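Okay, so here's the structure we're looking at.
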Amino acid sequence: MKKLKHGLLAAATVLSFCFLLAPALAFAAETEQAPLPSMYATFWALVPPIVAILLALITKEVYSSLFIGILVGGLFHSGFSFEGTITHIFNNGFIAVLSDGYNVGILIFLVILGAMVSLMNRAGGSAAFGHFAKGKIKTRAGAQLATVALGVLIFIDDYFNCLTVGSVMRPIADEYKVSRAKLAYLIDATAAPVCIIAPISSWAAAVSGFVEGEDGFSIFIRAIPYNYYALLTIVMMIASILLRVDFGSMRTHEKNALAGDLFTSGKNAETEEEIPFNPRGRVIDLVIPIATLIVCCVIGMIYTGGFFQGESFISAFSNSDASVGLAIGSIFAMLITILIYLLRRVLSFRECMDCLPAGFKAMVPAILILTFAWTLKAITDSLGAAEFVAGAVAQSADSLMVLLPAIIFLVGCFLAFSTGTSWGTFGILIPIVVAVFANSNPQLMIISISACMAGAVCGDHCSPISDTTIMASAGAQCNHVNHVSTQLPYALLVAAISFLTYIIAGLAQNPWLPLPIGIALLFLCLIVIRTVHRDN
């Protein structure tokens with residue numbers, strides 16, 4: 001009893017103290033603004049993501065690498081204060097990104113898409129499509145080209161592209177012994193690189209919104225012929241498949257796949273569990289849900305852009321909220337899919353409900369990596385990485401006008417690779433380009449904007465902390481570090497050739513001369529690589 005009294009007295013004392021202190025704290029919070037960290041807007045702001053990327057590539061373990069990068073950023077921001085580091089990491093990091101509406105919408109979309117994949121597998125639609133495809137696709141090259149074709153057709157959004165193409169093409173790729181690493185590369189290379197040259201896509205809407213004071217959509221259309229990285233990436237995929245050229249660690253993965261090991265790594269914790277499926281499933285049990293998902297997601301996106309309030313289709317797409325639109329569309333698509341399966345008696349209601357937690361479980365690795373990657377981006381932003389890069393580009397703009405497209409391409413690559421975000425890179429670089437060229441050289445402005453978009457996509461394509469790269473790994477059910485390490489040589493080859501084409505474009509200021517030169521150089525490189533491998 002005495003202990004209880006002492007405890008109550010102590011609690012009352014603490015509460016009274018907090019009550020008296022609260023007004024002072026509130027006043028201090030209103031009158032004093034938190035000072036910027038000493039490393040703000042310096043090169044040190046880019047160190048945390050670089051640490052995370054290097055550790056991921058060295059250790060082959062992505063979760064701990066991302067967390068260490070977050071910890072380094074927290075230490076830099078707080079001036080190596082223990083309390084400040086912990087507070088910043090959780091309040092301004094994990095809690096902030098998981099309470100962000102856009103991020104929550106993407107997580108909802110992920111979970112629902114995972115549930116739909118589980119539903120389609122359980123209904124037998126995926127297996128039926130695999131059997132159907134065997135009669136149409138006869139070779140490994142055919143399976144890979146079919147993956148590319150489907151990826152190009154689904155150009156609305158990169159997240160949607162990655163997970164949809166993965167769920168449809170995995171059974172076919174497995175049947176023809178295409179490694180999961182190669183499948184992940186094909187998915188990733190038809191996600192952002194295709195979306196960035198598709199006028200009707202969430203990416204076109206994002207880019208158009210960053211071009212202030214100009215007709216953003218018109219500029220996006222005019223920039224497409226100059227988007228050399230995206231165009232050459234598509235050529236790279238088709239050429240490497242037809243010429244049967246694989247290099248770097250991808251070559252090892254493909255050899256192992258032909259021997260029966262689709263994953264190469266000794267274990268693959270991210271593979272989906274074997275679940276029973278209905279042998280009565282038909283191809284329509286896959287086709288109808290996918291078509292429904294596409295239609296519902298498009299409707300969801302234009303709904304958020306005000307299409308049903310009188311906006312035009314293009315305007316609605318430009319103003320759409322991809323996160324909300326995809327979440328709404330995918331929920332309706334899942335409900336329609338369940339209803340169709342129940343009416344066709346392919347699955348019982350209980351079996352449909354069992355697929356919901358199974359789909360969530362399949363997406364847990366992607367959700368974890370996305371959460372870590374978003375937190376690392378938030379920490380990097382708090383250190384002023386954007387301001388540092390913007391200042392560096394603005395200082396070099398006046399003296400290197402003709403070479404600026406090539407320089408912007410490299411800066412975009414580095415920034416997107418370090419931060420894992422393409423759209424953030426657009427937001428930093430495009431306004432600078434518009435300010436520099438809008439009144440002096442409109443044609444060079446178009447080339448430089450395209451170079452910014454291409455560099456952002458290239459960095460996003462290479463970065464292990466990019467959400468699109470993470471989605472591609474999830475779509476292919478491939479070990480994430482394996483995907484990053486195998487695709488990196490392919491992306492770097494295209495990036496090197498794209499850099500040369502932007503030098504030519506800055507000099508010629510014509511889109512049609514650099515592109516054929518870039519394609520010719522790409523084919524030449526692939527032929528040389530194939531010859532070297534044959535000699536060895």
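The simple spin-label model puts a point 7 Å past each Cα toward its Cβ; for Gln443 and Ser312 those points are separated by 2.8 nm.
Tally Lys and Arg at +1 and Asp and Glu at -1 over the other residues with C-beta under 15 Å from the C-beta of Val178: what net charge comes out? Spell out each step's value before the answer.
Details: positive: Lys134, Lys138, Arg140, Arg170, Lys177, Arg180, Lys182, Arg244, Arg251, Lys255; negative: Asp174, Glu175, Asp188, Asp246, Glu254, Asp261.
That works out to +4.
Largest accessible area first, the listed residues Leu368, Leu262, Leu153, Leu119 line up as Leu153, Leu368, Leu262, Leu119 when surface is computed with a 1.4 Å probe on the assembled protein chains. With every protein chain in place and a 1.4 angstrom probe, the accessible-area ranking of Phe417, Phe76, Phe332, largest first, reads Phe332, Phe417, Phe76.
Look at the Cα gyration tensor of segment 115-158: its axes a ≥ b ≥ c give a/c of at least 1.5 with a/b at or below b/c, and that counts as oblate.
Tell me, how many Å apart are the Cα centres for segment 131-169 and for segment 298-347? Computed from Cα coordinates, the inter-centre distance equals 22 Å.
If I stretch the segment between Asp100 and Phe349 completely, what's the gain in nm (0.36 nm per residue apart, minus their alpha carbon distance), one decimal?
86.3 nm
Taking label positions 7 Å along the Cα-Cβ direction at both Val287 and Arg530, the computed distance is 3.4 nm, reported to one decimal.
Given Lys60/Lys255; Lys134/Lys177; Lys182/Lys255; Lys182/Lys361, which pairs have Cα atoms separated by over 18 Å? Could the numbers behind the result be given before it?
Working: Lys60/Lys255 21 Å; Lys134/Lys177 13 Å; Lys182/Lys255 11 Å; Lys182/Lys361 24 Å.
Lys60/Lys255; Lys182/Lys361, as the Cα separations exceed 18 Å there.
Backbone geometry of segment 496-504 corresponds, through the Karplus equation with coefficients 6.51, -1.76 and 1.60 at θ = phi - 60°, to 3J(HN,Hα) couplings of 4, 5, 4, 4, 5, 5, 6, 5, 5 Hz, x marking Gly and Pro.
A probe of 1.4 angstrom, applied to the heavy atoms of all protein chains, finds Glu175 with accessible area near 90 square angstrom.
Note on His253: accessible area is roughly 10 Å² with a 1.4 Å probe, heavy atoms of protein only. For Val62, the solvent-accessible surface with a 1.4 Å probe is about 10 Å², rounded to the nearest 10. Placing dummy labels 7 Å off each Cα toward the beta-carbon, the span from Ser218 to Lys136 is 4.1 nm. Once backbone amide H atoms are built at 1.01 Å from N, Gly124 has Asn278 as its partners under 5 Å, excluding neighbours fewer than 5 places away on the same chain. Phe80 to Ala496: FRET efficiency via 1/(1 + (r/R0)^6), r the Cβ-Cβ distance, R0 45 Å, to the nearest 0.05? Efficiency computed from Cβ-Cβ geometry: 0.70. Give, as a single signed number, the net charge of other residues whose beta carbon lies under 13 Å from the beta carbon of Ile70, with Lys and Arg counted +1 and Asp and Glu -1. For residues surrounding Ile70, the net value is 0. Given their separation in residues at 0.36 nm each and the Cα-Cα distance between them, Ile336 and Thr87 gain 85.3 nm when the chain is fully extended. Among Trp44, Trp512, Trp203, Trp423, the order of accessible area from largest down is Trp512, Trp44, Trp423, Trp203, computed with a 1.4 Å probe on protein heavy atoms. Computed on the Cα atoms alone, the convex hull of segment 422-536 gives a volume of 110 cubic angstrom per residue.
The values are calculated or read from the model by the stated rules, or taken from the named source; none is laboratory data. All figures in this text were calculated on a predicted structure; none of them were measured in a lab. For neighbour counting, all protein chains shown are included, and Cβ atoms are generated from backbone atoms with ideal geometry for every residue, glycine included. Keep in mind that these areas ignore ligands, DNA and RNA; they rest on the heavy atoms of the full protein, side chains included. Shrake-Rupley method; radii C 1.70, N 1.55, O 1.52, S 1.80 Å.
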